[in-house]
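A short write-up of the structure that comes next.
Readers should treat all values here as calculations from the given coordinates under stated rules, not as data from a laboratory. Keep in mind it's a predicted model, so treat the numbers as computed, not measured. Cβ sites come from the backbone with ideal geometry, for glycine too, and all protein chains shown count toward neighbours.
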Amino acid sequence: MISLTSPVEIWAHRLPAWLKLAALSLATVCLFAIESPAVLALAVAAVAGLFLTGGRVFLAEGFRNLRILWTFLVLIAVWHGVTGQIEAGMAIALRLLAAVALANFVTMTTRLGDMIDVVSFLLTPLRRLGLSTRALELAIALVIRFTPSIARKGALLTQSWRARSPRRPGWQIVMPMAALAIDDAEHVAEALRARGGLE
């Protein structure tokens, strides 16, 4: 498991996590309220400018983190092009790109522990009702940390497939991916049990 926080420290690292998450939530709501591709294109440009404030290394790292998104954007563009809904397809693709890039920016500039502290604070009413929130907090942390790990292993499986077959990989790598995910989950479960579980 790895952290998604960027080692390149910029001004946004010094902002409190709750403020960044609140701004991300507000910006996402605004993005989904906008239908104009032109306005959404400006939003994407603004997010790109946000990354640029961190310098070239930070920008390059953010772009690498978004590589997995390009496949979905192409599929959206092709589908809406075939169905004759080009403007709607552009709006969806630009909205998705802006929202995911913003979330990526927040993740790159916020420590996981700070995010969990915000989630823990938001779950305070549940604890006052006598409910344990540790399992939910741990689940959120594991999802955030495991996502890049699983994506990296998927890329390695794809490379292995291409080295052994002239055909493009498809459903054939789903089972190996699932097996790797289950194996990782078992290792984490063993580690949790060795430390006393969630109690």
Connecting every pair of Cα atoms under 10 Å apart in the chain and solving the GNM, the largest mean-square fluctuation among Leu97, Leu112, Leu75 falls on Leu75
Taking 0.36 nm per residue of separation and subtracting the Cα-Cα distance, what length does fully extending Ala38 through Arg127 add?
27.5 nm
Principal axes of the range 123-199: Cα extent on each, largest first, Å:
58, 26, 16
List every residue whose amide H lies under 5 Å from the amide H of Leu66, counting only residues 5 or more places away in sequence or on a different chain, with H placed 1.01 Å from N in the peptide plane.
none
Neighbouring Cβ atoms within 10 Å as the yardstick, rank Lys153, Lys20 fewest first.
Lys153, Lys20
Residue separation times 0.36 nm, minus the C-alpha to C-alpha distance between Ser149 and Ala191: what's the value?
13.4 nm
Size-normalised alpha-carbon gyration radius of the range 1-112, reference 2.2 N^0.38 Å
1.12
Of Leu131, Leu94, Leu102, the most mobile residue in a GNM of the chain (C-alpha springs, cutoff 10 Å) is Leu131
Using only Cα atoms, what Kirkwood radius does the range 58-145 have, in angstroms?
15.7 Å
What is the Rg over Rh value, at two decimals, for the range 42-82, using alpha-carbon atoms and the Kirkwood definition of Rh?
1.11
Whole-Hz Karplus couplings 3J(HN,Hα) for the range 75-88, θ = phi - 60° and coefficients 6.51, -1.76, 1.60, Gly and Pro as x, run 4, 4, 5, 5, 4, 6, x, 5, 7, x, 10, 4, 5, 5
Using distinct alpha-carbon pairs, which all enter the 1/r mean, Kirkwood radius of the chain in Å:
19.5 Å
Computed over the chain: relative contact order in percent, which uses C-alpha pairs under 8 Å that are six or more apart:
28 percent
